Each structure stands twice: as C-alpha cells, then as structure tokens.
Amino acid sequence: MTKSHTWAITGHDLEGGQVASASQPPSGDPVGDSTERFAFELRALRNSAGDPTYRQMAERTGQSSSALADAAKGGKLPPLEVALAYAEAFDGDRTEWERRWRAAKAEAGPAPKPRRRWLVVATAGAVGLALVVVAAVLVSRLAHEPPPSDAADHPPRFFADDDAFNQRHARPHLSPDSARMVADLLALGRAELYSGTAGPPVYRATSSTPTYEVTPRKHVEKWGPNPFEGVGFPWDASWQEPPRERQWTVVITSDGQSVECWRTEVRDSRPSCEWGAVSDTRGSSVSVKGQATGSGLSRLAGVITRADWKAGRIDHALSFGTPDNNGRYVFPAVGSDGPEQGRWREGQFIWLDRAYDIDADTSLRPYERMVAKALQEYGAFNVKNAGQFNFTSEYGSKPPGTGGDAYASLTHIKFAKYLRVGTIAPAS
C-alpha cells in the first residue's frame with residue numbers, strides 16, 4: 001500500500017542551513033564503501049522529495065531529527081530502525097530498504113577486533129565471545145522458527161479451489177508488449193525470494209485464543225471505514241510482537257477469517273494496527289473489508305507457506321509487485337495503488353513458458369526448482385507497488401537449499417528467455 005506525502009519546505013534545515021533546491025543533487029558521491037553508498041542513497045531519497053527538514057521527517061517517523069541526520073552523513077551504517085524510518089518518511093518500501101541495509105552491512109564486514117593487552121583480558125574475551133556465538137546461533141535459530149501458534153501442519157492452500165490463485169490458467173492472453181515488460185521487470189535487479197525473517201508472520205488462532213476489539217490507529221478517514229469493526233482480533237499473549245520492519249502481520253481466526261494488520265503493536269498484551277484488512281480464507285482472495293495490497297487482494301494471496309516447502313511443491317499461484325504500476329487494474333485485482341503512468345496493471349499475470357524444461361536444468365537450486373514449477377503450472381499475479389521483483393514466503397519458513405538466506409536469489413531460473421506477461425479472464 002502506498003501513501004503520498006506533501007512536504008511543506010520551510011527554506012531552512014534543522015541545523016540552520018539553507019535547504020537545497022529540489023533540482024540540486026545530493027551532496028556526496030555514490031562511490032566508496034558500502035556505508036557511504038547507503039548514505040548517498042538516503043540523501044538522494046530526501047533530495048527527490050525537495051529536501052524537507054529533519055524536524056519535519058522526525059514528526060512523520062517518530063525518530064529524532066539528529067538520528068535521521070546522522071543516518072545520511074556516512075562513515076558508518078545507521079541502525080536498521082533509523083534507516084527504515086528515514087526511507088519511510090518518503091514512502092520507501094521498507095522491505096527493499098532493509099535488503100539494501102543488510103547488503104551494505106554484509107559488504108562492510110565485521111568491525112575490527114581490539115588488540116589483546118593481557119592474558120586475563122584475552123581469556124575473558126574468549127569466554128565472552130563463545131557466549132556471544134552461542135547466543136547468536138540461538139537467535140538465528142529462533143528467528144527462523146515458525147510462530148509458536150503454528151505447531152500443527154496446515155493445508156498449503158488458502159482460499160477456495162475455484163479462486164484465481166488455485167487455478168491453472170492454460171490459455172492466458174499474451175500481452176503484445178510482453179518482452180519489453182519482462183525486460184523492465186528484470187532491469188530492477190536480481191529477482192529474489194523473501195523467506196526466513198523477511199516474510200510476513202502468519203499466526204493461527206484457536207477457538208480459545210483471546211480476541212480484542214481493534215480500531216486502526218491511523219488513516220481511517222483517508223482509507224475508508226474501520227475494516228475491523230465487528231471482527232474480533234485474536235491475539236495470544238505468548239505470541240511475539242513482530243519486529244517493526246515486518247509491516248504486515250496476519251492472524252487466521254478459528255473460523256477461517258484472515259485478519260491482516262499493518263504495523264502491529266502490542267501494549268499490555270493487547271494488539272493494535274495502523275490499518276489493515278479482513279479476508280476469508282475459505283472464499284475469494286479479494287479482501288472482504290479494508291485493503292492489504294494495492295490490488296485489493298488479501299496479503300495471503302500468493303504467499304508460499306511452510307507447508308508448501310515441506311511438501312516440496314507449491315500448489316498455487318504466486319504474487320509479486322513492481323514499481324512500474326499504473327492506475328489501472330485487471331482481473332483478479334479490484335483496485336490499484338499505482339500512479340497514472342507505467343506499463344504494468346495490478347492483476348496482470350506472468351508465467352514461465354512450457355518450452356523451458358525445468359527438470360533438465362541442473363543449475364536450479366531446490367527452492368528455485370519449486371518456484372519455477374509453480375510459475376509454469378500456476379503463474380503469478382501483480383498485487384502491489386514494490387521496489388523489487390520478488391516472491392514471498394511466510395516468516396520462519398525454510399526453503400530447501402537457501403542456506404538460511406532471508407533474501408535468496410532466483411538468478412538461475414531462466415526468466416529473461418521464458419517469462420511471459422499477459423492477463424487472464426474470469427472463469428465463466
């Protein structure tokens with residue numbers, strides 16, 4: 001979901017200096033190490049919005065103006081939460097900016113180790129390091145563990161069998177501009193699979209899970225009536241509050257409703273959301289109330305589940321986003337959050353041509369093979385604006401062959417040659 005901010009430029013920055021004009025390039029140079037490049041990208045983002053003051057940015061994000069200013073200075077990588085808040089001030093995609101931050105951190109490498117002065121200090125340091133390593137391993141394992149509410153196996157499919165995401169579309173209509181659209185999509189960078197800690201948390205409630213009345217914290221008047229009115233929001237006190245960088249949390253009620261919460265907060269064991277939607281996992285992938293994607297489709301539509309990876313097969317269509325969406329849409333979408341320009345319409349369909357022999361391609365990793373087969377059998381739908389071409393699996397999932405990478409590449413799939421773009425018609 002994309003929001004638009006109109007900045008009121010005051011002419012002076014927080015530190016008292018003159019604000020650069022919107023046409024003036026950001027200071028600094030994109031060359032250098034990863035931390036300098038990341039800072040340059042943040043400055044460029046602010047510049048593209050006309051250089052609002054850091055005080056204005058702080059009012060929108062909840063971060064201090066000094067922390068936001070330090071984030072764009074370079075020299076060191078800012079804390080993840082500060083970097084994401086900086087990008088969020090300009091409606092940047094949090095998932096994409098987290099990916100950039102982690103890539104910059106990985107490239108920068110670990111901080112230099114201090115010299116050992118005394119044997120006692122060295123011994124104590126070794127013991128401490130061992131404890132840190134053990135803690136890091138435990139944290140890494142816990143980060144990829146499924147939410148505690150999901151101890152039992154669950155069906156790999158959401159929504160009714162006749163839903164567009166659960167049907168094979170044997171005769172999609174090929175767009176006359178398919179090749180150009182594929183080139184545009186892949187020009188964004190490498191295609192990725194979001195998994196592990198990168199996907200949305202999905203909790204499954206039982207009939208005994210406590211429920212709460214939830215009113216969205218923001219945007220009710222702008223985005224419509226309260227989607228949670230008359231809907232009990234289940235939340236178990238043992239569930240862990242999702243980290244802020246996970247924008248969406250989904251709770252599936254005992255009767256099959258999907259309560260989809262944007263920016264979950266838990267205070268005194270009570271949940272709240274800034275906005276969200278309610279869908280019915282037993283019916284259509286179109287949200288019943290509210291909006292969780294620009295297309296009006298459920299946040300669960302196209303998500304790869306842990307049950308999919310466990311079964312070794314993805315038995316449904318996938319979903320993806322593109323930053324090149326326009327304001328139009330096609331089936332199965334019921335809306336669009338794209339601007340008026342762009343080649344893509346939300347709801348558009350992509351698939352891998354059957355001329356691609358997946359079984360004969362020995363370069364594919366296990367998870368890439370599963371994704372490729374899903375794209376060939378079921379395809380994928382454009383459901384939202386996004387900064388990166390990607391497919392998503394739920395939080396805590398472990399796709400086979402990823403090595404625990406939250407942002408696993410899909411470079412071995414022959415996208416450029418075999419990917420097609422088009423539309424499908426509603427079932428008659």
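Listed values, structure above:
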| read-out | value |
| --- | --- |
| Projected area, mean over directions - the range 288-428, Cα convex hull, nm² | 9.3 nm² |
| Of every Cα-Cα pair in the range 250-366, the percent that sits beyond 18 Å | 63 percent |
| Amide hydrogen neighbours beyond the local backbone of Lys289, cut-off 5 Å, H modeled | Val278 |
| Cα-projected label distance for Gln240 with Ala44, points at 7 Å along beta-carbon direction, nm | 3.4 nm |
| The range 245-328: trypsin sites (Lys or Arg not before Pro) falling in loop per DSSP and having at most 15 other Cβ within 10 Å | Arg282, Arg313 |
| Entries of Lys73/Lys105; Lys373/Lys417; Lys289/Lys310 with Cα pairs more than 23 Å apart | Lys289/Lys310 |
| Projected label distance in nm at Lys218 and Arg168, using a 7 Å step from Cα toward the beta-carbon | 4.5 nm |
| Chain lengthening between Ala311 and Val266 when straightened (0.36 nm per residue, less Cα-Cα) | 12.9 nm |
| Residue-normalised accessible area of the range 304-408, expressed per residue, 1.4 Å probe, Å² | 35 Å² |
| Carbon plus sulfur fraction of accessible area for the range 243-286, probe 1.4 Å, in percent | 40 percent |
| Sites matching GluC sites (Glu not before Pro) across the range 282-384 that sit in DSSP coil, with at most 10 neighbouring C-beta atoms within 10 Å | Glu340 |
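The values are calculated or read from the model by the stated rules, or taken from the named source; none is laboratory data. Predicted model only: the values in this text are computed from it and were never measured. Here Cβ is always computed from backbone atoms with ideal geometry, including for glycine, and neighbour counts include all displayed protein chains. Quick note on the areas: whole protein, heavy atoms, side chains included, nothing else; ligands and nucleic acids left out. Shrake-Rupley method; radii C 1.70, N 1.55, O 1.52, S 1.80 Å.
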